[in-house]
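A.B. asks: Let me begin by handing over the structure; questions about it come next.
Readers should treat all values here as calculations from the given coordinates under stated rules, not as data from a laboratory. All figures in this text were calculated on a predicted structure; none of them were measured in a lab. Because the Cβ atoms are built from the backbone with ideal geometry, glycine has one as well, and the counts that use them run over all protein chains shown.
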Amino acid sequence: MLTFTLRRLLLALPTLLFISLIIFLLVDLAPGSPMSEIPLTVPPEVRQKMIEALGADQPVFVRYILWLRQFFWVEPANLIDGCFGSNLAGDEQRILSWQSRAPVFTVIGQRIPQTLTVIGTAYLLGIAIAMPIGIYSAYRQYSFFDQMGTLVAMIGFSVPTFFSGTLFIIIFAVWLHWFPTKYDTTLLVTDWPSFVLQLKQMAMPVMVLALANAAAISRYMRSSMLENMGQDYVRTARAKGMTERVVVLKHVLRNSLIPVVTVIALGIPSIFGGAIITENLFGVNGIGAALIGAIHANDLPMVQTLAFIFAVLIVVFNLIADVLYGLLDPRIRYE
Amino acid sequence: MNLKSALLGAVCAFAMAPAAFAERGTDGEVKLTFPQAVSIMNPYLSSGTKDIFAASMVVEPLAGYDDTGALIAKLVSEIPSVENGGISEDLTSITWKLLPGLLWGDGSPVTAEDVVFTGQYCMDPAGGCAQLSKFEGIKSIEAVDAATVKITFNAPKPNPFTAFVGSTSPVLQKAQFAACLGAAAPTCTDPNSMPLGTGPFKVTGFTVNDTVSMEANANYRDATKPAFASAVIKGGGDAEGSARAVMSTGEFDYAWNTQIAPDSQAAMAAEGKGVFVVAFGTLVERLEMNMTDPSADLPEGERATVKHPHPFLTDINVRKALSMAIDRQTLTEVGYGAGGAPTCNIVPAPALYASDNTGCLTQDIEGAKALLEAAGWVDTNGDGIREKDGKNLSILYQSTVNPIRQDFQALIKDWWAEIGVETELKAIDPSVFFGGDAGSPDTFQKFYADVEMYANNFDGTDPEAYLTQYKCDKAPSPENQWQGENMNRFCDPAYDAMVAELSGTRDEAKRAELAKKLNDMVTKDSGIVVPLVHRGTLSAHSNALGGVKINAWDSELWNVADWFRVK
């Protein structure tokens with residue numbers, strides 16, 4: 001197991017390096033300029049000077065090497081300096097966003113908490129809704145409950161979040177006045193009323209995303225349960241006179257969870273990636289909103305860094321899912 | 001006086017009281033929302049309107065413009081003029097006198113050194129200053145004494161109100177930005193996001209592309225203002241969401257740039273919680289006609305250059321007919337509602353400079369047909385498209401990806417089809433179209449199409465620089481890496497001569513006359529530019545917010561110090 005993990009980690013390094021190059025070239029070759037947002041009243045000579053000041057006129061490979069150095073040396077050094085007060089990084093230039101001239105990692109640091117709270121809650125809530133629905137749907141296959149569960153899952157799958165989000169805003173904010181439409185990121189939770197406010201402003205984005213997440217996971221749960229329900233060991237358990245409760249929740253559920261846990265683990269990078277549309281719609285200043293804003297403004301350093309971090313997370317969680325699979329299922333051994 | 005009028009008088013007195021005894025910080029928080037979030041609070045490093053407006057609550061220029069476009073003093077005791085000796089007789093220098101006792105947000109005094117430093121900061125060649133053009137032609141900026149700044153120009157400057165005038169060119173604090181000169185400018189993250197200023201508010205918190213939190217500046221020069229104790233600008237989302245947050249849910253007091261579909265505007269306004277306000281500046285949605293041949297058969301380097309004149313758009317009758325066939329009223333109603341007005345001018349405002357050119361406002365399909373007929377453009381082969389000398393009137397019409405622009409394209413295509421002109425439509429991603437990448441064939445400078453549509457405007461109230469854009473030598477071409485603003489490659493020596501005359505004229509009435517003539521030369525006389533809609537900026541404010549005076553000539557938040565809560 002250990003050698004397997006080590007081998008995978010070592011293999012991941014060249015993979016990630018290659019991914020970073022591909023992302024860089026893709027982002028760079030995409031048409032557009034960081035100056036396109038600037039009003040036409042700014043003359044071309046001034047634009048040219050602005051591009052030079054950003055370093056955006058350097059050849060692509062120079063910028064790539066610089067970015068690699070900044071990402072793997074300057075930024076970690078800065079992090080260490082920040083934690084221990086050392087001075088490893090000196091005054092070397094960090095990765096700066098072209099849009100705000102602020103270090104990209106500062107922006108990411110500001111945004112991760114919102115993304116984790118909102119998207120993370122939605123993910124957990126989605127799992128919490130999906131599990132019982134999946135279990136019961138499988139146990140009572142083709143029952144009314146199962147049909148309803150399928151319907152809800154289909155809706156969750158097929159209705160895009162920009163539609164369900166707008167619908168929720170009109171119902172819950174415009175008509176009922178229950179929840180605010182814009183997420184207040186300056187709100188500090190210090191006491192009960194502010195906690196209630198936080199819950200209120202999280203309600204709509206969390207509902208929208210939880211619906212989408214629950215739809216997918218409940219289907220996995222259901223099919224995995226169904227697969228196990230027909231197995232011999234289930235019949236044996238029943239023959240031994242165990243209650244249905246014990247049969248379903250102890251024997252079947254445990255075995256059915258193995259593939260579901262991997263699916264859930266594989267979905268975790270998407271929590272960090274944020275939800276581009278939902279975050280934008282509700283004004284949650286998460287990673288997804290940062291990415292789309294950076295894409296609109298052709299803010300290459302920001303797009304490049306975010307895309308690469310997602311790549312790292314996906315590689316890491318794939319590995320975690322594989323390891324978890326081996327731990328949960330003793331039949332699976334990596335040699 | 002009877003009892004009734006005495007009581008009425010008393011009631012009136014009470015109603016007036018809040019305004020009369022206004023105090024700083026008594027009205028709680030004012031909440032603003034922008035559909036695009038604020039990225040940076042330093043206007044010298046960004047020319048995004050969102051950033052400039054947000055910064056205008058904090059940092060201020062020496063003088064600004066009021067809602068009529070007139071100059072108003074901000075940090076100075078009076079607007080310099082030749083009469084009061086502030087501008088030298090030969091127009092080569094301007095002297096500003098700072099208000100006495102002016103303080104920065106941190107309590108330190110504002111001095112002439114700060115103004116001099118700000119000039120150095122922007123004019124540093126390595127700094128990438130976005131407002132560099134405001135400092136063009138400046139020979140030196142010097143502090144005569146602690147409260148007097150003298151700006152000297154290389155040559156007589158009829159309009160010296162560029163540097164330090166308007167929200168795009170505020171004064172920065174030397175102490176805060178001293179280490180941020182030149183190449184270091186972009187790396188000064190803290191000063192760039194939390195600049196110290198003299199304005200009514202002070203930044204207390206800044207999250208990039210999300211929220212700016214501010215509190216009333218304790219050192220603001222008017223001790224009774226601002227009425228609000230704090231302010232917050234929340235960014236992100238879209239225009240629809242911003243408008244909704246003010247007009248439907250009432251979460252916010254003010255939303256900038258709420259340009260939404262006309263029917264949504266009407267529905268939200270009907271709810272009665274707030275009002276839409278429009279600032280009509282100089283932004284005009286227009287069609288530009290290509291005077292050169294954009295045919296793909298021509299070799300690269302010669303395509304769309306003056307070497308090859310356009311096969312049919314060089315005929316003034318064709319250009320005029322294309323303009324006559326358009327119903328600008330319908331376009332405005334479909335696209336902008338209250339946020340637009342039909343126009344025939346490229347300089348639609350200020351009133352002093354706007355030509356009385358209204359001939360294009362009524363659609364005239366029959367007239368257009370007759371004009372083409374008379375010019376020899378007839379449909380001989382019955383395919384519905386007019387031709388002459390083997391050249392078909394078929395047009396490639398490009399614009400950016402934008403729902404309103406695609407509506408406009410479809411409508412105009414239909415009208416042109418009626419007069420026998422075939423149109424192919426093309427929509428380009430705005431970041432490519434406006435990106436100015438000389439390697440891309442789809443930029444608006446290269447103009448590899450016959451007609452293109454976009455909006456353009458000019459900064460401030462003086463159209464001189466804007467009208468200069470249509471001079472012969474401003475045409476983009478391979479020789480200048482496709483830089484320049486004369487996309488049409490229009491060239492008329494008479495026009496160039498008149499532009500030269502304009503820049504040498506000081507008398508305002510004479511300047512206005514010349515500007516109007518230049519406007520007419522490129523619009524109604526030649527049809528090189530076909531203006532469509534004069535676009536305003538639609539903003540919304542709730543009925544609970546008082547004191548808003550929409551301004552198209554400076555930051556929309558120019559008088560935020562006077563805003564108050566309606567109780």
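A.B. asks: Can you compute the modelled spin-label distance between A:L324 and A:F84, with each label point 7 Å from Cα toward Cβ, in nm?
C.D. replies: Inter-label distance under the simple model: 3.2 nm.
A.B. asks: Using the Cα centre of the stretch B:214-290 as origin and beta-carbon charges of +1 (Lys, Arg) and -1 (Asp, Glu), tell me which of B:M289, B:V232, B:A269 is placed farthest towards the positive end of the dipole.
C.D. replies: B:V232
A.B. asks: For every helix of n ≥ 4 consecutive DSSP H residues, a contribution of -39,500 (n - 2.57) applies; sum these over chain A, divide by its total residues, and give [θ] at 222 nm rounded to the nearest 500 deg cm²/dmol.
C.D. replies: -23500 deg cm²/dmol
A.B. asks: Right, something else. What GluC sites (Glu not before Pro) does the stretch B:112-216 have in DSSP loop regions with at most 16 other beta carbons within 10 Å?
C.D. replies: Within the stretch B:112-216, the qualifying GluC sites (Glu not before Pro) (loop, at most 16 other Cβ atoms within 10 Å) are B:E136.
A.B. asks: So how tilted is helix B:403-418 from the main axis of chain B? Cα-based, degrees 0 to 90, rounded to 10.
C.D. replies: 30 degrees
A.B. asks: Here's another thing I want to ask about it. Within chain A, which whole H helices from DSSP have a Cα span along their axis of at least 27 Å and a mean Kyte-Doolittle hydropathy of -1.0 or more, if any?
C.D. replies: Passing helices, by number: A:2-29, A:104-139, A:192-229, A:253-273, A:300-328.
A.B. asks: Can you pull the Kirkwood radius for the stretch A:209-266, inverse mean 1/r over Cα pairs, to one decimal in Å?
C.D. replies: 12.2 Å
A.B. asks: Percent relative contact order of chain B, based on C-alpha pairs within less than 8 angstrom and at least six residues apart?
C.D. replies: Normalised by residue count, the contact order of chain B is 19 percent.
A.B. asks: When chain A is treated as a GNM, springs tying every alpha-carbon pair under 10 Å, which of A:F317, A:F84, A:F272 comes out with the largest mean-square fluctuation?
C.D. replies: A:F84
A.B. asks: Next up: Give me the inter-chain shielding for B:386-395: mean count of other chain Cβ atoms within 10 Å, whole number please.
C.D. replies: 0
A.B. asks: Right, here's the next one. Could you calculate, for the stretch B:90-130, the ratio of the Cα radius of gyration to the Kirkwood radius, expressed as Rg to Rh?
C.D. replies: In the stretch B:90-130, Rg relative to Rh is 1.08.
A.B. asks: Let me ask something additional. Working from the alpha-carbon coordinates of the stretch B:280-408, get Rg over Rh, Rh being the Kirkwood radius.
C.D. replies: Value, to two decimals: 1.00.
A.B. asks: Have a look at A:Y142, A:Y325, A:Y220 and tell me which one the Gaussian network model of chain A (Cα, springs below 10 Å) gives the largest fluctuation.
C.D. replies: Looking only at A:Y142, A:Y325, A:Y220, the largest GNM fluctuation is found for A:Y142.
A.B. asks: Under the definition of Cα pairs under 8 Å and six or more residues apart, what whole-number percent is the relative contact order of the stretch B:47-203?
C.D. replies: So the answer I get is 32 percent.
A.B. asks: Moving on to the next point. Pop a pseudo-label 7 angstrom from the Cα along the beta-carbon direction at both B:T152 and B:E513 and give the gap in nm to one decimal.
C.D. replies: 3.5 nm
A.B. asks: Can you pull the Kirkwood radius for the stretch B:385-509, inverse mean 1/r over Cα pairs, to one decimal in Å?
C.D. replies: This gives a value of 16.6 Å.
A.B. asks: Could you work out the Rg to Rh ratio of the protein assembly as shown, with Rh taken as the Kirkwood radius (inverse of the mean 1/r over all Cα pairs)?
C.D. replies: Checking Rg against Rh, the ratio lands at 1.02.
A.B. asks: Per-residue mean of other chain beta-carbon atoms within 10 angstrom of the beta-carbon, peptide B:39-50?
C.D. replies: Averaged over the peptide's residues, the number is 4.
A.B. asks: Next up: Whole angstrom only: what separates the Cα centroid of the stretch B:99-134 from the Cα centroid of the stretch A:83-142?
C.D. replies: 40 Å
A.B. asks: Can you give me the convex hull volume of the Cα atoms of chain A, divided per residue and expressed in Å³?
C.D. replies: Hull volume over Cα atoms, normalised by residue count, gives 203 Å³.
A.B. asks: What are the extents of the Cα atoms of the stretch B:437-567 along their three principal axes, in Å, largest first?
C.D. replies: For the stretch B:437-567, the Cα spread along each principal axis is 61, 42, 25 Å.
A.B. asks: Report, in cubic angstrom per residue, the convex hull volume of the C-alpha atoms of the stretch B:442-482.
C.D. replies: Taking the convex hull of the Cα positions in the stretch B:442-482, it is 97 Å³ per residue.
A.B. asks: Relative to the compact-globule scaling 2.2 N^0.38 Å, provide the ratio for the alpha-carbon radius of gyration of the stretch A:62-144.
C.D. replies: Taking N as the residue count of the stretch A:62-144, the ratio is 1.86.
A.B. asks: Need the list of aspartates and glutamates near B:K516 for cross-linking: C-alpha distance under 15 angstrom, and skip anything on the same chain fewer than eight residues off.
C.D. replies: Hits, sequence-local ones excluded: B:D356, B:D462, B:E464, B:D496, B:E501, B:D507, B:E508, B:D525.
A.B. asks: Determine the calculated [θ] at 222 nm for chain B from helices alone, applying -39500 (n - 2.57) to every DSSP H run no shorter than 4 residues and normalising by the residue count; nearest 500 deg cm²/dmol.
C.D. replies: -7000 deg cm²/dmol
A.B. asks: Restricting the count to DSSP beta bridges whose residues both fall in the protein assembly as shown, what percent are antiparallel, rounded to a multiple of 5?
C.D. replies: So the antiparallel bridges amount to about 75 percent of the total.
A.B. asks: While we're here: Using only alpha carbons, build the gyration tensor for the stretch A:193-335 and give me the equivalent ellipsoid semi-axes, biggest first, whole Å.
C.D. replies: The equivalent ellipsoid of the stretch A:193-335 has semi-axes of 39, 21, 11 Å.
A.B. asks: In addition: What percentages make up the Cα-Cα pair-distance distribution of the stretch A:92-243 when the bins are 5 Å wide from 0?
C.D. replies: 2, 8, 12, 14, 14, 13, 11, 9, 6, 5, 4, 2, 1, 0, 0
A.B. asks: Relative to the longest principal axis of chain B, what angle (0 to 90°, nearest 10) does the C-alpha long axis of helix B:493-503 take?
C.D. replies: For B:493-503 against chain B, the angle is about 10 degrees.
A.B. asks: OK, next. Which residue fluctuates most in the GNM of chain A (Cα springs below 10 Å): A:R63, A:R235, A:R254?
C.D. replies: The residue with the greatest mean-square fluctuation here is A:R235.
A.B. asks: Order these peptides, A:150-159, B:378-387, B:480-489, by their mean beta-carbon neighbour count within 10 angstrom, highest first.
C.D. replies: B:480-489, A:150-159, B:378-387
A.B. asks: Considering the alpha-carbon set of the stretch B:232-308 alone, what are its Rg and its Dmax in angstrom?
C.D. replies: 21.5, 60
A.B. asks: Once the Cα gyration tensor of the stretch B:82-191 is diagonalised, what are the square roots of 5 times its eigenvalues, in whole Å and ordered largest first, as equivalent ellipsoid semi-axes?
C.D. replies: 24, 18, 10
A.B. asks: Cα centroids of the stretch B:540-556 and the stretch B:31-45: how far apart, whole angstrom?
C.D. replies: With the stretch B:540-556 and the stretch B:31-45 each reduced to a Cα centre, they are spaced 17 Å.
A.B. asks: Within a 10 angstrom radius of each residue's Cβ in A:99-110, how many Cβ atoms of other chains show up on average? Whole number is fine.
C.D. replies: Taking the mean over all residues of the peptide, I get 6.
A.B. asks: How long are the semi-axes of the ellipsoid equivalent to the stretch B:402-460, from square roots of 5 times the Cα gyration tensor eigenvalues, in whole Å, largest first?
C.D. replies: Equivalent ellipsoid of the stretch B:402-460: 23, 15, 11 Å, largest first.
A.B. asks: Quick one: helix B:3-20 against the long Cα principal axis of chain B, what's the angle to the nearest 10°, folded into 0 to 90?
C.D. replies: Rounded to the nearest ten degrees, it is 80.
A.B. asks: Tell me the label-point distance for the pair B:D389, A:F145, using the 7 Å Cα-to-Cβ offset, in nm and rounded to one decimal.
C.D. replies: Result for the modelled spin labels: 8.3 nm.
A.B. asks: Separate question: What is the distance in Å between the Cα centres of the stretch B:231-289 and the stretch B:446-491?
C.D. replies: Comparing the Cα centres of the stretch B:231-289 and the stretch B:446-491, I get a distance of 30 Å.
A.B. asks: How would you order B:345-353, B:319-327 from highest to lowest mean count of nearby Cβ atoms within 10 Å?
C.D. replies: The densest-packed peptide leads the list: B:319-327, B:345-353.
A.B. asks: From zero outward in steps of 10 Å, how is the percent of C-alpha pairs of the stretch A:122-189 spread across the bins?
C.D. replies: All Cα pairs considered, the percentages come to 17, 32, 32, 16, 3.
A.B. asks: Using the structure shown, select from B:K369/B:K517; B:K139/B:K174; B:K426/B:K471; B:K307/B:K524 the pairs with a Cα to Cα distance greater than 24 angstrom.
C.D. replies: From the list (B:K369/B:K517; B:K139/B:K174; B:K426/B:K471; B:K307/B:K524), the Cα-Cα distance tops 24 Å for B:K369/B:K517; B:K426/B:K471; B:K307/B:K524.
A.B. asks: While we're on this one: State the volume of the convex hull built on the alpha-carbon positions of chain B, expressed per residue in Å³ and rounded to an integer.
C.D. replies: Taking only Cα atoms, chain B has a hull volume of 181 Å³ per residue.
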